[in-house]
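Before any comments, here is the structure.
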Amino acid sequence: MAGLFSGLELGKRALATHQLWLNTIGHNVANVNTPGYSRQRVTTSTSTPEEHRAGMIGTGVNATAIRNVRDLFLNKQFRDENKNLGQWASQEKMLTRVEGIFMEPSSDSLGGLMEKFWTGWMDLGNNPESIAARTALKEQANLLTTGFHRRYDQLAELQKSIDIDVELIVNKVNSITDEIASLNKQISRAELGGIFANDLRDRRGLMIDQLSQFIDVNTADQANGATLVYVGALMIVDDSDAIHLDTRDLAGKSFVTSEVVWEGTTKKVQNYNGELKGLMEMRDKTIPQYMNDLDVLAETLVTKVNSVHSLGYDLNNTTNIDFFDANFLSAGNLRLSQDVTNNVTRIAASQSGAVGDNSNAQAIADLRKSLFMTRGTATMEEFYNTIVGQVGIDTNKAIQLRESHTLLVEQLENARQSVQGVSLDEEMTQMIKYQHAFDAAARVITTVDQALETVIKNMGVVGR
């Protein structure tokens, strides 16, 4: 039956509920700059009414739950774009290093060394009997071979560096999935009583956001509060268990590389994304293509120069001499022949053996203009410029896509924060609102208390 004591209980419920609101608001304000935190709200409902002869009379308010505010659709969009951002950011970083390897344009670039090499043959053609011109040509040729070696070796070293980065990312992924699995376990335990582990859920969401930077991530929420995480169609976090990734060495290449597999198996991970995808594409596709193009250029240079040089005569009237060592045709190992290395008089500038004949030197110099490359449509210099141009195109593409996805990620993050982020202005407004509600509830209790005092102390006293 409703009475004054029911009024006290009603006021007590109101005080407790509004105090809970104030505590929750204070928690929000305290975590305004905490990464991954989503604002929390108290859900309330009217308490069970009591019967009265005039009808059902209310008994106040109950706090039913404290829930964090999250937008699942925006979270999924954010993680999808974060994968793309991770991929193109890692590719931009590596392609920028590739540009530094080629150093174009500069006097020490491979293009500049090739130009000096052809100029050396022209200088020898102008003075075919000069030892100084032959010595200068030999030095330019050595600089050119060194230029090939340096760029090829630096690309190979970059591959090795990326391979190490892949292993580091695999370790990061395993560490993050371990923490997600641990948080799943804590959340499931905490929510057995029907309460919501909001702060633990925020921490888990932040971990999944970070994971999406490195690999492909898809999630599915479970009834027990756990979140399953998938890479493609395969599970990497199963409730409170994390399935680790590993790397497996592969032989048969210029260096020992690794592929990403599921730990304890030889099954290769198929759904790459994020930074891992960007690094794997650079290591296994982009850089090997640049190295192959340099090999093609080096092999063409060796075979074409040797084919003309072997027909000419040196200062000793000897023919059939290679300028480059025909056994080494890669950009990583091409070198001058032992004959030319030991004695510059073995350089064949003549096609007849006659004194002053420069026709062979001129013929080799003319190779610069010959269309040997790309199915007879480009010179060697044009082919090399195509390699450099492709590096520039790839880098520019990576920069543009990185910038585009950065903007999308920022927009999605702003949209997420507008829904689940803490706004100090909004929290201050809510604080004032529930402070007044708390004061009013306290006033209700004070009023009921005064009424009880009247009943207890004053009723029946008048007239005595």
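For the reader, a short list of remarks on this structure follows.
- The range 323-338, residues that are closer than 21 Å to Ala365 by Cα and out of contact with any strand residue (DSSP E or B) (no Cβ under 8 Å at 6 or more places or on another chain): Ala326, Leu329, Ala331
- Looking at Ser106, Ser45, just one residue is of a type in the set (Gly, Ala, Ser), surrounded by fewer than 17 Cβ atoms within 10 Å (Cβ to Cβ), modelled with pLDDT under 95 and touching a Gly at 6+ places or on another chain (Cβ under 9 Å), and that residue is Ser106.
- Residues (part of a strand (DSSP E or B) and touching a residue at least 60 places away in the same chain (Cβ under 8 Å)) located in the range 371-414: Met373
- Screening the range 16-49 for residues that are in contact with a strand residue (DSSP E or B) (Cβ under 6 Å, 6 or more places away or on another chain) and aliphatic (A, V, I, L, M) and picking the one that is farthest from Arg201 (Cα to Cα) gives Leu20.
- None of Asn75, Asn84 is assigned to a helix (DSSP H, G or I), modelled with pLDDT of 90 or more, under 24 Å from the mean Cα position of the chain (by Cα) and farther than 30 Å from Asn396 by Cβ except Asn75.
- Scanning the range 33-40 finds one or more residues that are more than 30 Å from His405 (Cβ to Cβ) and either at pLDDT 90 or above or among the hydroxyl-bearing types (Ser, Thr, Tyr) (or both).
For every residue, the table says whether it meets (1) surrounded by 14 or more Cβ atoms within 10 Å (Cβ to Cβ); (2) in contact with a helix residue (DSSP H, G or I) (Cβ under 9 Å, 6 or more places away or on another chain); (3) outside the structural domain of Ser109 (by TED's automatic domain parsing).
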site: Arg368; (1), (2), (3): yes, yes, no
site: Phe372; (1), (2), (3): yes, yes, no
site: Val391; (1), (2), (3): yes, yes, no
site: His405; (1), (2), (3): yes, yes, no
site: Gln417; (1), (2), (3): yes, no, yes
site: Ala441; (1), (2), (3): yes, yes, yes
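- Among the residues of this structure, Thr300 does not count as one that is within 24 Å of the chain's Cα centre (by Cα) and at pLDDT 90 or above.
- Restricting the range 255-306 to residues that are of a type in the set (Ser, Thr, Tyr), part of a helix (DSSP H, G or I) and in contact with a helix residue (DSSP H, G or I) (Cβ under 9 Å, 6 or more places away or on another chain), the residue that is farthest from Gly356 (Cα to Cα): Thr286
- Against the test of being within 19 Å of Gln140 (Cβ to Cβ) and among the aliphatic types (A, V, I, L, M), the options Val296, Val305 yield a single qualifying residue, Val305.
- Taken together, the criteria exclude Arg248 from residues that are in contact (Cβ under 8 Å) with a residue 60 or more places away in the chain and either in the same structural domain as Leu168 (by TED's automatic domain parsing) or surrounded by fewer than 22 Cβ atoms within 10 Å (Cβ to Cβ) (or both).
- Residue satisfying all of: in the range 2-42; among the hydroxyl-bearing types (Ser, Thr, Tyr) and more than 22 Å from Asp71 (Cα to Cα); surrounded by the most Cβ atoms within 10 Å (Cβ to Cβ) among these: Thr17
The values are calculated or read from the model by the stated rules, or taken from the named source; none is laboratory data. Since we're looking at a predicted model, the values are computed, not measured. Cβ coordinates were reconstructed from backbone atoms using ideal geometry, including for glycine residues, and neighbour counts include every protein chain displayed.
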